[in-house]
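Undergrad: This is the structure, below, for whatever I ask next.
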Amino acid sequence: MVFLAVLSLVLALAALAVAAVGLLRSPAPGGDIDALPEDVLGLRQEVAALRAEAAGAIRHLGIVRYDAFGDVGGRLSWSLALLDDGGNGVVMTAIHGRSEARSYAKSIAGWSCDQPMSPEEQEAVGSAKP
């Protein structure tokens, strides 16, 4: 009986030693530590490229709904600004009257427009600013 206990103890110690050697020889989690700075640099370059690409995307919008005429309710008229990070894009306006509807589009560059804007269009562009 004592022999079996000693044998079990020796086998357990041997298994522990094999496990410890295996842990010491296994690579660090996540790969080679020396390659980490190169990977991080590559990821930073990739993120910078994605940010530069996204800067030209339509990311900012502002919308204003209103009643263009006193005899027409329901706030069916609207101005919508669709702009990128630099404030370039378009402001679109739809004016709904009792018997007709008209739509307009004006280009926006640097958060401003060469054409005169209505107060509602100015408000839409202003609300699109981050």
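The values are calculated or read from the model by the stated rules, or taken from the named source; none is laboratory data. These figures come from a predicted structure and were not determined experimentally. For neighbour counting, all protein chains shown are included, and Cβ atoms are generated from backbone atoms with ideal geometry for every residue, glycine included.
Undergrad: Would the range 15-24 turn up any residue that is under 30 Å from Thr93 (Cβ atoms), surrounded by 10 or more Cβ atoms within 10 Å (Cβ to Cβ), at pLDDT 70 or above and of a type in the set (A, V, I, L, M)?
TA: Checked against the condition, which is being under 30 Å from Thr93 (Cβ atoms), surrounded by 10 or more Cβ atoms within 10 Å (Cβ to Cβ), at pLDDT 70 or above and of a type in the set (A, V, I, L, M), the range 15-24 yields no hits at all.
Undergrad: For a quick check of your reading: which strands (runs of 3 or more DSSP E) sit entirely within the range 69-130 and have at least 1 residues that are within 21 Å of Gly56 (Cβ to Cβ) and of a type in the set (D, E, K, R)?
TA: The strands (runs of 3 or more DSSP E) meeting that bar are 101-108.
Undergrad: Are any residues in the range 100-130 touching a residue at least 24 places away in the same chain (Cβ under 8 Å) and touching a Gly at 6+ places or on another chain (Cβ under 9 Å), and if so, which ones?
TA: Matches in the range 100-130: Ile108, Gly110, Trp111, Ser112, Glu123, Ala124, Val125, Gly126, Ser127, Ala128, Lys129.
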